[in-house]
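Worksheet for the structure shown next.
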Amino acid sequence: MTDPNLSATVHRIVADQPVTDLHTHCFAPRFGHSTDGTGRGLMLWGIDELVTYHYLIAEVFRVVTPDKLPYDHFWKMSQTQRADHIWKHLFVDRTPISEACRGVLTTLSKLGLDPNEKTLDPYRKWFADQDADAHVDKVMQIANVDSITMTNEVFDEHERQLWLDNPSLGDDPRFRPVVRIDPMVCDWPDASEKLSAWGYQVNSDLTAGAIDEAKRFLNDWIDRTRPAYVAASLPPTFMYPASSVKNSPASRATNETALTQVVLPVLEDRGLSFAMMIGVHRGANPSLRSAADISGKADTQAVANLCAAFPGNRFLVTMLSLENQHELCVAARKFGNLMPFGCWWFLNNPSIIESMTRMRLEMLGTGFIPQHSDARILDQLIYKWDHSRRAIANVLTEKYDGLARAGYRVTEHTIRSDVQRLLRDNTRAFCQTR
Ligand code: RAT
Ligand code: ZN
C-alpha cells in the first residue's frame, strides 16, 4: 500500500532539513561586501549582483546579440546599467522562464518582494535598507542552510592580503573556508612564479627541494585558514597518469608532480579531502569574461586511477559534463575514498538534478552528496536550495513509493534520517567536520 500523503511528507522533511552547503562562492561580511563602498568587497549580495550573475550575462547576449550591443559597450556600462539592461530584456520583454531567471524570482518572492516589478528601483530601495551582516542570518534562515562553505582563492592577491592582514578572517562560524589551488595543479609554472615572489624556494620544474617548499606553502595556508577541504577545478583533458596521454606535454608532468607529490601527501597528512571539479574549459568566449567558460567531457578513468593509487586520500568529485555522470557513479561503487557531489553549474537545472539524483540513489544508495549551491551571490542560496530541494524530494518520493510497493515499511523516521544524511551528514562525515 502506498501512502497518498507520501509526496507532501517527503517535501516537508526535505524542506525542514538544514543543509550544509559544500561549495559556494559566498563570503562572510568581514571579507568586505559589495555595498561597503570600497568596490573590492568579496561578499556579493543584493539585486544588482543577482541580476548581473554571469549565467544571466550569457543569457542576455543571446537576445541582445553582440552586433546590436558590442561586448565592450556592455562592459563599459556601470553595474546598475547592466542590471537594468538584463532586467528589461530577460525579465520584462520576455518571460523569465530559464532556471537562472526563475531563480531571481524565487529569491525575491521568498524575501517577501513582488517579483513582477517593471524596474529594479523598488528592489534597490529594499536592499538599501538591509544590513549586510543581519542579511546573512536572514538568507540562511530562509534557505535553511546551517553552514556555508566558501571558496578561498589563495592565489588571488586581494584575498591573500586580507588573510595576511586579519588572522581571524576565517572565524565567522556561519562560513567555512576552503583553500582553492587551481594554479598549483593546472599551471605549475605560473604557481611557482607566485610562490617564489612570496618567499618559497620553488622552481618551474618542481625538483626535490622545491617539493618541500611547495608543501610548506600549502601547509601555511591550511594553518592560516583551517579549511573544510582543499579544492581545484580541472580541465576536461585532465588525465592521471599524465603519461597515459600520447605526446603529453612536459607541463602536464609537472602539474601531476604538484598534485601527487605536493598536494595529496600534504592532504593525507592533514586529514583533509581534496575536491576535484573536473570538466571546465575556461575562456571559450573571452568577451563574455566571467561568463566565458564551457564544459567538456572528461575521463573518469583518471578519477578511478587516482582513488586506487592514493588510498590514504579522500576525493570529493564533481564533473561538469552530463556524459560523465554514470561513469562517476560506477567509479564510486569501487572506491570508498571517492564521494560524488553536486550537480555542478550547467547541470544545476531541475530536470538534470532529478535524473542525476535518481541515478545516484539507484547506484549508490544514500552514499553521495546530491547538491551544493555554487551560489556566488548570498541571496542565491534561497533559490538554489529551494529549487534543488524540490527536485530531490520529487525523486525521493518516487523511490519511497517503490520501496513501499516492495513491501518495505517507510516511516517518517526513515525519510528523516536519509534526508539528513544526504543534505548534511555525508558532507560533514566525509570532510570530518563536526
Ligand atoms: O558555478 C560557477 O559560478 C562557476 O563560475 C565556477 O565558479 C565554478 O563553480 C567553480 O567553482 O570553478
Ligand atoms: Zn564553484
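The values are calculated or read from the model by the stated rules, or taken from the named source; none is laboratory data. Computed from a prediction, not measured in an experiment: that's the story for all the values here. For neighbour counting, all protein chains shown are included, and Cβ atoms are generated from backbone atoms with ideal geometry for every residue, glycine included. Calculation scope for accessible area: heavy atoms of the full protein, side chains included, ligands and nucleic acids excluded. Shrake-Rupley method; radii C 1.70, N 1.55, O 1.52, S 1.80 Å.
What the table shows:
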| read-out | value |
| --- | --- |
| Tabulated pairs, region 138-156, first within 16 Å of ligand 1 (Cβ to nearest atom) and at pLDDT 95 or above, second assigned to a helix (DSSP H, G or I) and of a type in the set (S, T, N, Q), C-beta under 7 angstrom, 6+ apart or interchain | ASN152/THR225 |
| Every residue from region 258-284 that is of a type outside the set (A, V, I, L, M) and either part of a loop (DSSP other than H, G, I, E, B) or buried (at least 20 other Cβ atoms within 10 Å of the Cβ) (or both) | GLY271, SER273, PHE274, GLY279, ARG282, GLY283 |
| Residue in region 312-327 that is surrounded by fewer than 22 Cβ atoms within 10 Å (Cβ to Cβ), more than 30 Å from ARG360 (Cβ to Cβ) and more than 16 Å from ligand 1 (Cβ to nearest atom) present | no |
| Matching residues in region 340-366 - criterion: being small (Gly, Ala, Ser) and surrounded by fewer than 18 Cβ atoms within 10 Å (Cβ to Cβ) | SER351, SER355, GLY365 |
| Output for region 288-302, where each listed residue is out of contact with any Leu (no Cβ under 7 Å at 6 or more places or on another chain) and outside any loop (DSSP other than H, G, I, E, B) | LEU288, ARG289, SER290, ALA291, ILE294, GLN301, ALA302 |
| Any hit, region 332-339, residues being open to solvent by 40 Å² or more (accessible area, probe 1.4 Å) and within 16 Å of ligand 1 (Cβ to nearest atom) | no |
| Qualifying residue in region 151-168 (condition: among the hydroxyl-bearing types (Ser, Thr, Tyr) and open to solvent by 40 Å² or more (accessible area, probe 1.4 Å)) | yes |
| Breaking point among (1) under 30 Å from GLU268 (Cβ atoms); (2) of a type in the set (Val, Ile, Thr); (3) within 16 Å of ligand 2 (Cβ to nearest atom), for ILE377 | (1) |
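Residue-by-condition table, conditions (1) open to solvent by less than 40 Å² (accessible area, probe 1.4 Å); (2) in contact (Cβ under 8 Å) with a residue 40 or more places away in the chain:
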| position | (1), (2) |
| --- | --- |
| ALA191 | yes, yes |
| SER196 | no, no |
| GLN201 | no, no |
| ALA208 | no, no |
| GLU213 | yes, no |
| LEU218 | yes, yes |
| PRO227 | yes, yes |
